[in-house]
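Read the structure below first, then the notes.
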């Protein structure tokens, strides 16, 4: 789900930009990996913390509505508005900081919060969402613009939206019985 939601997302666009500008694929991929692990670990802890604050019934509705909102959000293409340059830093650190910052408040980060509030163990959620990010972004680093022109982002956004709707419906119908 995260891999599909990431298609055309601003962090995937950032992957294209970093690969084009910095031209060092391995440090970029490693920067993406460590930034995503850090960001999604933080998001997962927030999700787990939030799950302890509200009743299971309220949590079910919050998660379901969140997934429906993510479905709508997935249909909207992202644009990379900012061209931040970190002068004097290496490729890995530039990627790490830029990716971590761009992912803040992103739909995949918020989806990680919702998934961590719903499912255990936290490590599995973080590893799963990180794997999804890597599946979407590493090919963007390696194949760049050629891949962007071959993948139908509109279809990918629709598939991601459909998956978010399915998760929302499942959250409503299964309540807290699915782990």
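Among the residues making up the range 29-53, those that are more than 17 Å from residue 136 (Cβ to Cβ) and in contact (Cβ under 8 Å) with a residue 60 or more places away in the chain are 38, 41, 44, 45, 46, 47, 48, 50, 51.
Yes/no per residue for (1) buried (at least 24 other Cβ atoms within 10 Å of the Cβ); (2) modelled with pLDDT of 85 or more; (3) touching a strand residue (DSSP E or B) at 6+ places or on another chain (Cβ under 7 Å); (4) not in a helix (DSSP H, G or I):
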{"residue": "92", "(1), (2), (3), (4)": "no, yes, no, no"}
{"residue": "95", "(1), (2), (3), (4)": "yes, yes, no, no"}
{"residue": "105", "(1), (2), (3), (4)": "no, no, no, yes"}
{"residue": "120", "(1), (2), (3), (4)": "no, no, no, yes"}
{"residue": "125", "(1), (2), (3), (4)": "yes, yes, no, no"}
{"residue": "129", "(1), (2), (3), (4)": "yes, yes, no, no"}
{"residue": "134", "(1), (2), (3), (4)": "no, yes, no, no"}
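Specify which of the listed residues (167, 110, 163, 172) is under 11 Å from the mean Cα position of the chain (by Cα), under 17 Å from residue 67 (Cα atoms) and either modelled with pLDDT under 85 or part of a loop (DSSP other than H, G, I, E, B) (or both). Going through 167, 110, 163, 172 in turn, just one is under 11 Å from the mean Cα position of the chain (by Cα), under 17 Å from residue 67 (Cα atoms) and either modelled with pLDDT under 85 or part of a loop (DSSP other than H, G, I, E, B) (or both): 110.
The values are calculated or read from the model by the stated rules, or taken from the named source; none is laboratory data. As the structure is a prediction and not an experimental result, all values here were calculated from the model. Ideal geometry is used to build each Cβ from the backbone, glycine not excepted, and the neighbour counts take in all protein chains shown.
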